[in-house]
Amino acid sequence: MPDFIDRFGLFDESTGQTVLSSSRQSIITSLLSAGTFVGALAQAFTSDRFGRRGSILIWSGVFTVGVAVQTGTVRSIVQLTIGRFIAGLGVGALSAIVPLYNGETAPKALRGTLLVLYQLQIIVGLFLSYVLDLATHSIANSASWRVPVGLQLVWGLALLSGIFFLPESPRHLLGIGRTEKATRVVAELNSVPIDDALVIETVEELQFAINEENAGGKATWVECFSTRNAMWKRTANGMMLQFIQQLNGQNFYYYYGDTFFKSAGTDLSPYVIQVILGAVSVAGTIPALYLIETWGRRRSLLTGAIFQAICALIAGLVGHFTLAPTGTAQALLTQRNKSGGDTLIAFAVLHVTSFSIFWGPTPWVYLGESFPLRVRPKAIALGSATNWFWNFLLGFFAPRIAVDIGPLILLIFFGMLVFGYFYVYLCIPETKGLSLEEVDEMYRSGVKPWNSAGWTSHLIERMHEQEKRRAVDNVHDSDERAAAA
């Protein structure tokens with residue numbers, strides 16, 4: 001945007017114009033990513049100490065402060081980047097806490113759907129931001145960029161105020177010994193009286209599982225990679241899914257797709273291209289609300305890897321062999337270039353659509369439901385931090401690679417998706433329809449991932465057996481006291 005470049009760019013004496021150099025662009029972009037990485041890790045400390053609800057409150061405040069600092073910037077790139085780093089702290093932390101909170105408060109039959117809904121709301125937010133950029137970019141003053149940046153205050157304040165109307169996670173409350181309050185929350189979340197059988201049974205099951213999890217004492221970061229209860233497998237799976245998600249190509253289209261689309265012969269502006277991709281993402285995420293609980297996690301990831309790999313392969317080869325080099329005059333573009341460009345755009349849209357249905361939401365669902373309570377904030381922090389770390393590397397290195405090899409960069413993403421297919425098949429168990437405590441039991445059972453869809457939990461049976469043994473012991477104690485008397 002011209003006003004933004006005028007305020008935060010550098011004067012180029014050779015051209016007599018103010019330009020936003022690639023180094024400054026990199027600083028402005030990367031400081032947000034650096035903040036998200038730090039925030040994703042830092043929330044693990046606040047989530048345990050202040051609870052999930054209190055932690056959301058804290059980091060929403062941090063995000064809002066960061067946005068205010070950016071919006072108030074006049075010409076200082078230092079203030080702008082510091083504001084982006086502060087806002088990034090909040091974004092990174094909330095990206096870990098919100099799936100954690102949703103996973104711990106949702107019924108198991110709806111947990112996947114609600115976590116996909118979380119992803120859908122993110123995609124809707126991105127789409128609205130693209131529409132807003134399109135609407136304001138032609139304004140001749142600072143409103144062109146202050147309005148999109150400043151409106152983030154609305155969402156920060158909405159989260160800050162709205163969290164006061166939501167309950168604390170019942171699992172966190174039970175974990176810190178506040179059983180009575182946890183019971184009230186379970187009743188509230190299920191819209192039943194506090195003495196309802198559903199509430200009593202749910203609290204007993206949660207308490208039994210939490211007691212088993214906490215038998216080893218206070219959890220540490222090292223435990224996330226320990227062999228105890230297959231924790232290293234779970235942490236590795238959460239981090240690997242986030243790694244594969246970032247490197248399967250869709251973000252490349254978002255960040256640098258306009259360059260390819262221009263070489264494909266399109267006259268659409270980058271703003272319009274962003275709006276189109278955003279609309280496709282919103283439409284693609286809606287079917288995932290249904291598929292996540294019908295197809296399950298494994299099938300969604302495997303299907304998505306196949307579809308996206310095909311799209312990346314075709315788009316990469318067609319783009320390499322048919323498109324004119326970047327910078328070719330419009331008058332020299334041939335029909336061959338145009339048809340190749342149409343093919344590239346079509347498969348780019350299909351790639352983004354497939355990502356939105358499968359690999360966009362599913363890794364976040366899996367991350368939110370794979371860990372026992374004792375290490376859940378820490379393990380989710382590692383997965384979220386992995387996502388932001390590779391997001392940063394993609395944004396930093398992808399344009400440099402694309403300059404050298406052009407559309408063939410899509411073959412790198414093709415290879416990652418092939419790897420992702422085999423990784424999911426060999427390492428990712430099915431968690432559909434299981435409570436968080438049953439997921440923990442499944443991992444401890446050692447079932448092979450390709451056989452996990454048919455696995456059955458025995459958690460409730462063990463709990464009832466323990467209750468029977470306790471009852472028998474009580475009878476024996478009573479008999480012994482009677483005999484002594």
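The values are calculated or read from the model by the stated rules, or taken from the named source; none is laboratory data. Since we're looking at a predicted model, the values are computed, not measured. As a convention, Cβ positions derive from the backbone with ideal geometry for all residues, glycine included, and neighbour counts pool all protein chains shown.
Table: residues versus (1) among the acidic types (Asp, Glu); (2) within 24 Å of the chain's Cα centre (by Cα); (3) more than 19 Å from Leu302 (Cα to Cα).
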{"position": "Val418", "(1), (2), (3)": "no, yes, no"}
{"position": "Phe422", "(1), (2), (3)": "no, yes, no"}
{"position": "Pro429", "(1), (2), (3)": "no, yes, no"}
{"position": "Gly433", "(1), (2), (3)": "no, yes, no"}
{"position": "Glu437", "(1), (2), (3)": "yes, yes, yes"}
{"position": "Glu441", "(1), (2), (3)": "yes, no, yes"}
{"position": "Arg444", "(1), (2), (3)": "no, no, yes"}
{"position": "Asn451", "(1), (2), (3)": "no, no, no"}
{"position": "Gly454", "(1), (2), (3)": "no, no, no"}
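May I ask you to say which residue of Ile244, Ile176 is surrounded by fewer than 19 Cβ atoms within 10 Å (Cβ to Cβ) and either at negative phi or not assigned by TED's automatic domain parsing to the domain that holds Phe413 (or both)?
Numbers: Ile244 fails: surrounded by fewer than 19 Cβ atoms within 10 Å (Cβ to Cβ).
Within the list Ile244, Ile176, the selection yields Ile176.
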When Thr456 is run through (1) of a type outside the set (Gly, Ala, Ser); (2) assigned to a helix (DSSP H, G or I); (3) surrounded by fewer than 17 Cβ atoms within 10 Å (Cβ to Cβ), the failure sits at (2)
Those residues of the stretch 133-174 which are among the aliphatic types (A, V, I, L, M) and within 23 Å of the chain's Cα centre (by Cα) amount to Val149, Leu151, Leu153, Val154, Leu157, Ala158, Leu159, Leu160, Ile163, Leu166
Per the filter on the stretch 369-392, residues assigned to a loop (DSSP other than H, G, I, E, B) and in contact with a Gly (Cβ under 8 Å, 6 or more places away or on another chain) are Glu369, Ser370, Phe371
Within the stretch 368-426, the count of residues that are among the acidic types (Asp, Glu) and out of contact with any helix residue (DSSP H, G or I) (no Cβ under 7 Å at 6 or more places or on another chain) comes to 1
Exercise. Is there a residue being within 23 Å of Pro99 (Cα to Cα), part of a helix (DSSP H, G or I) and assigned by TED's automatic domain parsing to the domain that holds Gly319 anywhere in the stretch 393-404?
Worked result: no
Scanning the stretch 188-200 residue by residue, those assigned to a helix (DSSP H, G or I) and over 11 Å from Thr105 (Cα atoms) turn out to be Ala197, Leu198, Val199, Ile200
Among the residues that make up the stretch 341-362, is at least one of them surrounded by fewer than 21 Cβ atoms within 10 Å (Cβ to Cβ), more than 30 Å from Ala453 (Cα to Cα), modelled with pLDDT under 90 and among the hydroxyl-bearing types (Ser, Thr, Tyr)?
yes
The residue that is farthest from the chain's Cα centre (by Cα), considering only those in the stretch 74-112 that are surrounded by 20 or more Cβ atoms within 10 Å (Cβ to Cβ) and among the hydroxyl-bearing types (Ser, Thr, Tyr), is Thr81
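The rows are residues; the columns are (1) in contact with a Phe, Trp or Tyr (Cβ under 6 Å, 6 or more places away or on another chain); (2) farther than 28 Å from Leu382 by Cβ; (3) part of a helix (DSSP H, G or I).
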site	(1), (2), (3)
Pro99	yes, no, yes
Leu120	no, no, yes
Phe127	no, yes, yes
Leu132	no, yes, yes
Ala158	no, yes, yes
Val186	no, yes, yes
Val203	no, yes, yes
Within the stretch 385-411, the residues that are in contact with a Phe, Trp or Tyr (Cβ under 9 Å, 6 or more places away or on another chain) and modelled with pLDDT of 85 or more are Ala385, Thr386, Asn387, Trp388, Phe389, Trp390, Leu410
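Filter the stretch 403-444 down to residues that are hydroxyl-bearing (Ser, Thr, Tyr) and farther than 16 Å from Glu369 by Cβ and give me whichever is surrounded by the fewest Cβ atoms within 10 Å (Cβ to Cβ).
Checking each candidate, the answer is Tyr425.
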Going through the stretch 366-396 in order, the residues found to be more than 13 Å from the chain's Cα centre (by Cα) and polar (S, T, N, Q) are Ser370
Within the stretch 162-184, of all residues that are part of a loop (DSSP other than H, G, I, E, B) and among the aliphatic types (A, V, I, L, M), the one nearest to Ala230 (Cα to Cα) is Ile176
Residue hits (the stretch 376-416; closer than 22 Å to Leu301 by Cβ and of a type in the set (Lys, Arg)) are Arg376
